[in-house]
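K.L.:
Structure incoming, see below.
The values are calculated or read from the model by the stated rules, or taken from the named source; none is laboratory data. Everything quoted here is computed from the prediction, not taken from an experiment. Here the Cβ positions follow ideal geometry from the backbone for every residue, glycine too, while neighbour counts run over all protein chains shown.
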Amino acid sequence: MSLMTEITIFVLAVFVGFEVISKVPTTLHTPLMSQTNAIHGIVMLGGLIVLGFADDGLEYVIGTIAVAFGAINIVGGFMVTDRMLGMFSRKPRPKAETDGKGGS
Amino acid sequence: MGLLAVFEPGGDAATALYIVAFSLFIIGIKQGTHPTTAKRGNLIAAVGMAVAVVTTLLLDGMGNWGLIALGLGIGTAVGVIASIRVQMTEMPQMVALYNGVGGGAVALIAWSEIRHGISLGEDFPLDSLIPVIFAGIVGSVSFWGSNIAFAKLQDLIPTRPIAAPGQQVINAILLLAIIVISVVLAVDHESPSEGLFILLLVLAAILGNLVVLPIGGADMPVVISLLNAFTGLSAAAAGFALDNVALIVAGTLVGSSGTILTMEMATAMNRSVSNILFSGFGGAPSGGGGGGGEERPHVSIGAQDAAIKLAYADSVVIVPGYGLAVAQAQHAIKEVADELEKRGVTVNYAIHPVAGRMPGHMNVLLAEADVPYENLKEMEEINPEMPRTDVAVVVGANDVTNPAAKNDPDSPIAGMPIIEVNEAQQVIVIKRSLSPGFAGIDNDLFYEPNTSMLFADAKAAAAEIAAEIGNL
């Protein structure tokens, strides 16, 4: 892929990113951040390629750490986002249940 | 090893699947624009990630499967445990750590690329060397800066600004040195020195530490957002270096998100990003100026009085701040709201954009306490309602309610958008004392005639008020 093609993709992605993300409401900004953390985990691809083609001791160590870091981002990011968004999509509890809790 | 070799690295099939992956990221984020669809959106993005990872694992020539499994195993275990254990009050720390490991991964990948390239003894084309250098610098700054941000949020190091004299000069020299070394590396692209590249990573690490250390606790929302943007940029740079479209697009999306959030936070504080980064604002002693010694007259009430004021109101607006999160009072406040709603009082929540330690933090804390998101009102939405509000309850918030921001052009927070609780008919402020907030200035709101101060721990006070309303 030529450099200019890559720059074209980059510039278009900037516009798409701003367009899509500016529509995310303030309420969801924390889940947005943890979700972008997860998407940032895409760098694990770089880690996998580097480690998959590594051929000396230090590269093994660096690559393994990079893959672990990326996996933390992906797994932790998507899971914690899912947990948070679950709180937002939860239906309001029926009144009776709230009363029961309040009666303690 | 040949068994799994399905795709040619850089080939059309792999690239096509990477395009599928980043399309799913964009669709996922688009679904994240509404609370009811956001959960599905997150799943869609996760599927995109699975496509990208599996595609990469099936590239021809990949080896070292044991180490790959080890890295994936450790990372997955840490990620799973962290995401289950983390408290919602700790989300800023968690995001800071994720920013950090993300930046760290990029810096390590860049280092490995340089090392691998040198060992092959090939000429390093500039259009991959420059992105590698950039990725290494930004990745290292993000990693160390995020670690400091984490340590501050976790109270491992003091949240007040820590700065040495001449700090700006040191930072400028470091930046200059980084630029010079980068140029030397690029000029010598036929055989770049690995030692110089490591020096570059170290200098960037020191810079990351020195830039974040002087930033006070109240400015953390901006710092976290900015580091988020940095990690995104570093990922995009790694994408240029590795000729990988998925990295370029995903990194750019993260970068855009971080940039938008940084700008929104800065606007909400009416300060420029450079002012936040370089002024060491917040935590500076408030000495002089107000002549803090004498006590200005204020009205102090107890939980029972507060309960009566609230119970006989028609509309109540709750203004939560970071103090609410510290006191873990979100559930107790929800109980107050439940009691009031039972009596037919309308209860809404006014959320200032910088309430909490990261963008949207307060919304998550209240969602955790089962507050319906429809009741969470943004500042612009609630301010026009304030004059029609009977009682505004300020819980653990301070500077974001200070009318001096509007009325006193000489105030350090002049021009900062505030939640105009002083426009409400009555105001109840639940707070431990009259002490100033992060900005280190007195809050005029506390001395207004229609303001009543309830001096107590937010959680205990809210529980007491809820009980009192129930007894009425």
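K.L.:
Could you please give the count of residues in segment A:45-55 that are more than 21 Å from the chain's Cα centre (by Cα) and either within 10 Å of B:ILE109 (Cβ to Cβ) or at the interface with chain B (Cβ under 7 Å from one of its Cβ atoms) (or both)?
P.N.:
The number of residues fulfilling the criteria is 5.
K.L.:
Let me ask another. Being assigned to a helix (DSSP H, G or I) and within 7 Å of chain A (Cβ to nearest Cβ) is the filter here, so list the residues in segment B:54-68 that pass it. Full working, then the answer.
P.N.:
Narrowing segment B:54-68 to residues assigned to a helix (DSSP H, G or I): B:54-57, B:65-68.
Selection gives B:THR56, B:LEU57, B:LEU67, B:ILE68.
K.L.:
Six or more apart or on different chains, Cβ atoms under 9 Å: show the pairs whose first residue is in segment B:99-123 and within 15 Å of B:GLY239 (Cβ to Cβ) and more than 7 Å from chain A (Cβ to nearest Cβ) and whose second is among the hydroxyl-bearing types (Ser, Thr, Tyr) and not in a helix (DSSP H, G or I).
P.N.:
none
Residue-wise test of (1) outside any helix (DSSP H, G or I); (2) without any contact (Cβ under 8 Å) to a residue 12 or more places away in the chain; (3) under 26 Å from the mean Cα position of the chain (by Cα).
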site: B:VAL354; (1), (2), (3): yes, no, yes
site: B:MET358; (1), (2), (3): yes, no, yes
site: B:LEU366; (1), (2), (3): no, no, yes
site: B:LYS377; (1), (2), (3): yes, no, yes
site: B:PRO387; (1), (2), (3): no, no, no
site: B:ALA405; (1), (2), (3): no, no, yes
site: B:PRO409; (1), (2), (3): yes, yes, no
site: B:ILE413; (1), (2), (3): yes, no, yes
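K.L.:
Further question: Taking segment B:205-228, which residues are surrounded by fewer than 24 Cβ atoms within 10 Å (Cβ to Cβ) and not in a loop (DSSP other than H, G, I, E, B)?
P.N.:
Residues satisfying the conditions are B:ALA205, B:ILE206, B:LEU207, B:ASN209, B:LEU210, B:VAL211, B:GLY217, B:ALA218.
K.L.:
Please go through segment B:178-188 and give me each residue that is in contact (Cβ under 8 Å) with a residue 12 or more places away in the chain and either among the β-branched types (Val, Ile, Thr) or crowded, with 16+ Cβ neighbours inside 10 Å (or both), ordered by number.
P.N.:
Once the filter is applied, which keeps residues that are in contact (Cβ under 8 Å) with a residue 12 or more places away in the chain and either among the β-branched types (Val, Ile, Thr) or crowded, with 16+ Cβ neighbours inside 10 Å (or both), segment B:178-188 yields B:ILE178, B:ILE181, B:SER182, B:VAL184, B:LEU185.
K.L.:
Filter segment B:338-367 down to residues that are small (Gly, Ala, Ser) and within 18 Å of B:VAL400 (Cα to Cα) and give me whichever is modelled with the lowest pLDDT.
P.N.:
Per the stated criteria, the residue is B:GLY356.
K.L.:
Restricting attention to segment B:237-255, report how many residues are assigned to a helix (DSSP H, G or I), at the interface with chain A (Cβ under 7 Å from one of its Cβ atoms), in contact (Cβ under 8 Å) with a residue 24 or more places away in the chain and farther than 22 Å from B:VAL222 by Cα.
P.N.:
6
K.L.:
Please specify each residue of segment B:27-41 satisfying the condition of being more than 7 Å from chain A (Cβ to nearest Cβ) and of a type in the set (Lys, Arg).
P.N.:
So the first thing to find is which residues in segment B:27-41 are more than 7 Å from chain A (Cβ to nearest Cβ), and the list is B:27-28, B:31, B:34, B:37, B:40-41.
Of everything in segment B:27-41, just one residue is more than 7 Å from chain A (Cβ to nearest Cβ) and of a type in the set (Lys, Arg), namely B:ARG40.
K.L.:
Still on this structure, I have one more. Does B:TRP111 fit the bill of being surrounded by 24 or more Cβ atoms within 10 Å (Cβ to Cβ) and more than 20 Å from B:GLY258 (Cβ to Cβ)?
P.N.:
yes
K.L.:
Still on this structure, please answer the following. Determine whether B:LEU67 is aliphatic (A, V, I, L, M) and farther than 25 Å from B:VAL245 by Cβ.
P.N.:
Taking the combined requirement at face value, the residue satisfies it.
K.L.:
Scan segment B:343-352 for residues that are touching a helix residue (DSSP H, G or I) at 6+ places or on another chain (Cβ under 8 Å) and either part of a helix (DSSP H, G or I) or farther than 21 Å from B:MET416 by Cβ (or both) and report the count.
P.N.:
Within segment B:343-352, residues that are touching a helix residue (DSSP H, G or I) at 6+ places or on another chain (Cβ under 8 Å) and either part of a helix (DSSP H, G or I) or farther than 21 Å from B:MET416 by Cβ (or both) number 4.
K.L.:
Taking B:ILE44 as the residue in question, decide whether it is among the aliphatic types (A, V, I, L, M), within 23 Å of the chain's Cα centre (by Cα) and more than 8 Å from chain A (Cβ to nearest Cβ).
P.N.:
no
K.L.:
Has segment A:72-84 got at least one residue that is over 12 Å from the mean Cα position of the chain (by Cα), facing chain B (nearest Cβ under 7 Å) and surrounded by 22 or more Cβ atoms within 10 Å (Cβ to Cβ)?
P.N.:
Yes, because at least one residue in segment A:72-84 is over 12 Å from the mean Cα position of the chain (by Cα), facing chain B (nearest Cβ under 7 Å) and surrounded by 22 or more Cβ atoms within 10 Å (Cβ to Cβ).
Quick grid of which residues meet (1) within 9 Å of chain A (Cβ to nearest Cβ); (2) farther than 23 Å from B:GLU464 by Cα:
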position	(1), (2)
B:VAL316	no, no
B:TYR322	no, no
B:ASP338	yes, no
B:THR346	no, no
B:ASN363	yes, yes
B:ASP370	yes, no
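K.L.:
Pick out the one residue from B:VAL95, B:VAL51 that is facing chain A (nearest Cβ under 8 Å) and surrounded by 15 or more Cβ atoms within 10 Å (Cβ to Cβ).
P.N.:
B:VAL95
K.L.:
Out of (1) closer than 26 Å to A:SER22 by Cβ; (2) under 18 Å from the mean Cα position of the chain (by Cα), what's the single condition that is false for B:VAL106?
P.N.:
(2)
K.L.:
So which of B:VAL254, B:VAL212, B:VAL245, B:VAL249 ends up being in contact with a helix residue (DSSP H, G or I) (Cβ under 8 Å, 6 or more places away or on another chain) and within 18 Å of B:GLN168 (Cβ to Cβ)?
P.N.:
On the way: B:VAL254 fails: within 18 Å of B:GLN168 (Cβ to Cβ); B:VAL245 fails: within 18 Å of B:GLN168 (Cβ to Cβ); B:VAL249 fails: within 18 Å of B:GLN168 (Cβ to Cβ).
Checking each option against the conditions leaves just B:VAL212.
K.L.:
Related question: Being of a type in the set (Ser, Thr, Tyr) and within 17 Å of the chain's Cα centre (by Cα) is the filter here; which residues of segment B:191-237 pass it?
P.N.:
The initial filter retains those residues of segment B:191-237 that are of a type in the set (Ser, Thr, Tyr), namely B:191, B:193, B:225, B:231, B:234.
Listed by number, the residues that qualify are B:SER225, B:THR231.
K.L.:
Here is a check on your reading of the model: is A:VAL16 surrounded by fewer than 22 Cβ atoms within 10 Å (Cβ to Cβ), modelled with pLDDT of 95 or more, more than 7 Å from chain B (Cβ to nearest Cβ) and not in a loop (DSSP other than H, G, I, E, B)?
P.N.:
No: the conditions fail for A:VAL16.
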